Amino acid sequence: MIVKQIPVGNLGVFSYLVGCENSRDALVIDPGGDHDRIIAEAEKSGLNIKYIVNTHHHFDHVLSNAELKRQTGAKIVMHALEDDLVSTDAGADIRLTDEEFFNLGDIRFRVFHTPGHSPGGICLYAEGQLFTGDTLFVGDSGRTDLRGGNRPALGASIRKLMELPDDTIVWPGHDYGPSKSSTIGNEKRTNVNAREYGYYVED
């Protein structure tokens, strides 16, 4: 799996270009701006963008949906509960529901439905890599005071993610923490919300 972490927009958003080494097919997670930079990175890496995946509907994660789709022909993918909350030109071609799998070349992503920050938030997991959007940050988690936010639901979502192997790499939706990525094991030890969510592990 090829993973390119790309800072976009003005709010510390991380977009991800994820590609299959064999097919050279790729998807873009949360294109929150700077579509030209994303396309340039794909061309540089020899990747063909087939899908645009939104972890949730907030504007800073979907800002370049329409333009990226126009330039690449990629299909937009998001949870059905999020699709109803974005504008028509940024809406989904593929609507996900609950827990399912999503294939990209030889890569099979497990899609977790992780409500709490937003009703239809999702995280993607494959080959030991976890893309968490605004559900889980390095050292923190997404806010729940926005429309559709729900703190108990977020806690349940994070407990679900904490069941993944400790060496799972966490790729967050924002550059808000002390590092640009982490692991599930590290988040169990250091995340400020870990005690509340029942996963605090002493060193």
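Across the stretch 15-37, which residue is nearest to residue 122 (Cα to Cα) among those that are surrounded by fewer than 24 Cβ atoms within 10 Å (Cβ to Cβ) and hydrophobic (A, V, I, L, M, F, W, C)?
17
Return the pairs, sorted by first residue and then second, in which the second residue is of a type in the set (Phe, Trp, Tyr) and modelled with pLDDT of 95 or more, the first residue lies in the stretch 90-107 and is at negative phi, the beta carbons are less than 6 Å apart, and the residues are 6+ apart or on different chains.
Correct list of pairs: 102/109.
So which residues in the stretch 25-79 are under 11 Å from the mean Cα position of the chain (by Cα), of a type in the set (A, V, I, L, M, F, W, C) and in a helix (DSSP H, G or I), if there are any at all?
Residues satisfying the conditions do not exist here.
Please indicate, with yes or no, whether at least one residue in the stretch 103-120 is surrounded by fewer than 22 Cβ atoms within 10 Å (Cβ to Cβ) and of a type in the set (Ser, Thr, Tyr).
There is no residue in the stretch 103-120 that is surrounded by fewer than 22 Cβ atoms within 10 Å (Cβ to Cβ) and of a type in the set (Ser, Thr, Tyr).
Have a look at 81, 85, 124 and point out the one that is closer than 22 Å to residue 181 by Cα and among the aliphatic types (A, V, I, L, M).
Details: 81 fails: closer than 22 Å to residue 181 by Cα; 85 fails: closer than 22 Å to residue 181 by Cα.
Of 81, 85, 124, the one residue that is closer than 22 Å to residue 181 by Cα and among the aliphatic types (A, V, I, L, M) is 124.
Within the set of pairs 6+ apart or on separate chains, which have a first residue in the stretch 169-182 that is under 16 Å from residue 1 (Cα atoms), a second that is outside any strand (DSSP E or B), and C-beta atoms under 7 Å apart?
Filtered contacts from the stretch 169-182: 169/128; 169/181; 170/138; 170/181; 170/184; 170/187; 171/181.
Of the residues in the stretch 92-130, how many are of a type in the set (Lys, Arg) and over 14 Å from the mean Cα position of the chain (by Cα)?
From the stretch 92-130, those of a type in the set (Lys, Arg) are 95, 108, 110; that's our starting set.
Checking which are over 14 Å from the mean Cα position of the chain (by Cα) leaves us with 95, 108.
Number of matching residues: 2.
If you check 35, 57, which single one turns out to be modelled with pLDDT under 95 and not aromatic (Phe, Trp, Tyr)?
Numbers: 35 fails: modelled with pLDDT under 95.
Answer to the check: 57.
When only residues in the stretch 64-87 that are buried (at least 20 other Cβ atoms within 10 Å of the Cβ) and of a type in the set (A, V, I, L, M, F, W, C) count, which is farthest from residue 100 (Cα to Cα)?
In this case the residue turns out to be 68.
Which of the strands (runs of 3 or more DSSP E) contained wholly in the stretch 85-197 include at least 1 residues that are under 23 Å from residue 18 (Cα atoms) and modelled with pLDDT under 95? Full working, then the answer.
Working: elements: 94-96, 100-104, 107-113, 122-126, 129-133, 169-172.
Filter on the stretch 85-197 gives 94-96, 100-104.
The values are calculated or read from the model by the stated rules, or taken from the named source; none is laboratory data. Keep in mind that this is a model prediction, so the values were computed, not measured. Every residue, glycine among them, receives a Cβ derived from its backbone with ideal geometry; neighbour counts consider all protein chains shown.
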